1. Do we have Gly288 as surrounded by 18 or more Cβ atoms within 10 Å (Cβ to Cβ), touching a helix residue (DSSP H, G or I) at 6+ places or on another chain (Cβ under 6 Å) and either part of a helix (DSSP H, G or I) or not β-branched (Val, Ile, Thr) (or both) here?
2. Would you confirm whether or not segment 212-231 contains a residue that is touching a Phe, Trp or Tyr at 6+ places or on another chain (Cβ under 7 Å), surrounded by 14 or more Cβ atoms within 10 Å (Cβ to Cβ) and not in a helix (DSSP H, G or I)?
3. Among Asp157, Asp214, which is the only one that is acidic (Asp, Glu) and within 21 Å of Glu323 (Cβ to Cβ)?
4. If you check Leu77, Leu151, which single one turns out to be within 23 Å of Ala319 (Cβ to Cβ) and in contact with a strand residue (DSSP E or B) (Cβ under 7 Å, 6 or more places away or on another chain)?
5. Go through (1) in contact with a Pro (Cβ under 9 Å, 6 or more places away or on another chain); (2) assigned to a strand (DSSP E or B); (3) aliphatic (A, V, I, L, M) one by one and return the number of the condition Val203 breaks.
6. Can we say Val6 is buried (at least 23 other Cβ atoms within 10 Å of the Cβ) and in contact with a strand residue (DSSP E or B) (Cβ under 6 Å, 6 or more places away or on another chain)?
7. Which condition does Glu183 not pass, out of (1) crowded, with 23+ Cβ neighbours inside 10 Å; (2) within 30 Å of Gln231 (Cα to Cα), if it passes all the others?
Amino acid sequence: MQTRKVGPFDVSAIGLGCMSLSHAYGTPPDTATSERLLLAALDLGVTFLDTAALYGFGANEELVGRTLKHRRNDYVLASKCGMFRNAAGVREINGRPEVVKQTCEDSLRRLQTDVIDLYYLHRWDKTVPIEDSVGALSELVAEGKIKTIGLSEVSADTLRKAHAVHPVTAVQTEYSLWTRNPEVAVLGACRELGAALVAFSPVARGFLTGKLTDVSSLPPKDIRLGMPRFQAEHFPANLKLLDGFAALARDAGCTMAQLAIAWLLHKDEIIVPIPGTTRIDHLEEDLGGADVVLTPELMQRAEVLINPRTVSGPRYNAATQTEIDTEELQTA
């Protein structure tokens with residue numbers, strides 16, 4: 001597996017987002033299936049695993065900790081604070097310093113580790129100055145409980161304010177051919193500040209695999225059902241993009257998922273995609289994206305085919321959009 005830099009760490013060029021093993025896309029797989037997937041990821045050369053306190057309200061961290069504690073030195077561990085289930089049992093964005101610190105203590109216990117390599121603020125709590133939340137993370141670094149600091153779904157301006165308090169190792173944000181928001185400003189800011197850009201949903205929540213063509217097949221609690229691009233107003237228009245994308249993948253000699261991931265790897269060496277999956281065969285397919293070589297001409301064809309002008313609908317509904325702090329591009 002090729003490697004890329006995330007701060008002081010050399011990690012596999014493609015990491016693994018662990019969320020879907022516990023959260024978000026309907027009923028998660030059974031424990032044995034999830035454990036096999038995690039162990040297979042390490043055996044296949046993945047050395048960068050991403051989880052969060054939010055995923056399964058702690059269940060995902062527990063899964064990673066329980067399954068991989070005997071291989072803790074084999075991978076770089078990333079987790080997140082700032083968004084979790086509160087005392088009332090509901091999801092809450094909370095970046096108060098004392099909450100950030102308590103969440104870290106809870107994460108360390110669930111992950112069965114003494115230190116988290118990369119700890120993100122999952123969302124900026126807009127009621128708390130970013131400097132205060134990052135200040136708490138900086139104290140956790142000084143205490144030896146986390147090694148480096150990351151931010152998720154923030155603007156370039158917020159990144160710079162945070163970086164002035166403590167160096168930011170990575171920014172995690174959605175990035176794929178059909179979600180190009182990082183290109184507005186944050187990708188350039190990461191490059192300027194020496195931060196990695198960790199790209200979640202690199203295959204557009206499954207859309208760019210070409211295998212999701214009927215949203216009625218999604219389970220009732222699948223979060224995509226609440227996303228505009230997968231709804232009746234926009235999904236038929238987006239489906240029309242797939243024939244052209246399939247043709248590009250054939251020209252590149254790879255699958256559609258591999259093309260989507262390879263495109264990100266070719267965009268900038270600071271980008272590390274973290275696709276998520278519940279199936280080992282899909283994981284193997286995703287990792288094959290690192291071996292795909294794309295010509296500038298094919299890169300351009302992909303970007304002309306799928307971009308903010310050709311994708312129909314925003315990535316989030318209005319309520320969710322208020323929770324994030326990224327520069328957004330208007331879609332068709």
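1. On the way: surrounded by 18 or more Cβ atoms within 10 Å (Cβ to Cβ): no; touching a helix residue (DSSP H, G or I) at 6+ places or on another chain (Cβ under 6 Å): yes; either part of a helix (DSSP H, G or I) or not β-branched (Val, Ile, Thr) (or both): yes.
No, not satisfied.
2. Yes, because at least one residue in segment 212-231 is touching a Phe, Trp or Tyr at 6+ places or on another chain (Cβ under 7 Å), surrounded by 14 or more Cβ atoms within 10 Å (Cβ to Cβ) and not in a helix (DSSP H, G or I).
3. On the way: Asp214 fails: within 21 Å of Glu323 (Cβ to Cβ).
Selected residue: Asp157, the only one of Asp157, Asp214 that is acidic (Asp, Glu) and within 21 Å of Glu323 (Cβ to Cβ).
4. Numbers: Leu77 fails: within 23 Å of Ala319 (Cβ to Cβ).
That would be Leu151, the only listed residue that is within 23 Å of Ala319 (Cβ to Cβ) and in contact with a strand residue (DSSP E or B) (Cβ under 7 Å, 6 or more places away or on another chain).
5. For Val203, the failing item is (2).
6. Details: buried (at least 23 other Cβ atoms within 10 Å of the Cβ): yes; in contact with a strand residue (DSSP E or B) (Cβ under 6 Å, 6 or more places away or on another chain): yes.
Yes: the conditions hold for Val6.
7. It is condition (1) that Glu183 fails.
Yes/no matrix, rows are residues, columns are (1) modelled with pLDDT of 95 or more; (2) part of a helix (DSSP H, G or I); (3) farther than 30 Å from Gly7 by Cβ:
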{"position": "Asp243", "(1), (2), (3)": "yes, yes, yes"}
{"position": "Arg250", "(1), (2), (3)": "yes, yes, yes"}
{"position": "Ala260", "(1), (2), (3)": "yes, yes, no"}
{"position": "Val272", "(1), (2), (3)": "yes, no, no"}
{"position": "Glu284", "(1), (2), (3)": "yes, yes, no"}
{"position": "Gln300", "(1), (2), (3)": "yes, yes, yes"}
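The values are calculated or read from the model by the stated rules, or taken from the named source; none is laboratory data. Small disclaimer: the values here were computed from a predicted structure and weren't measured. Every residue, glycine as well, gets a Cβ built from its backbone with ideal geometry; the counts of neighbours run over all protein chains shown.
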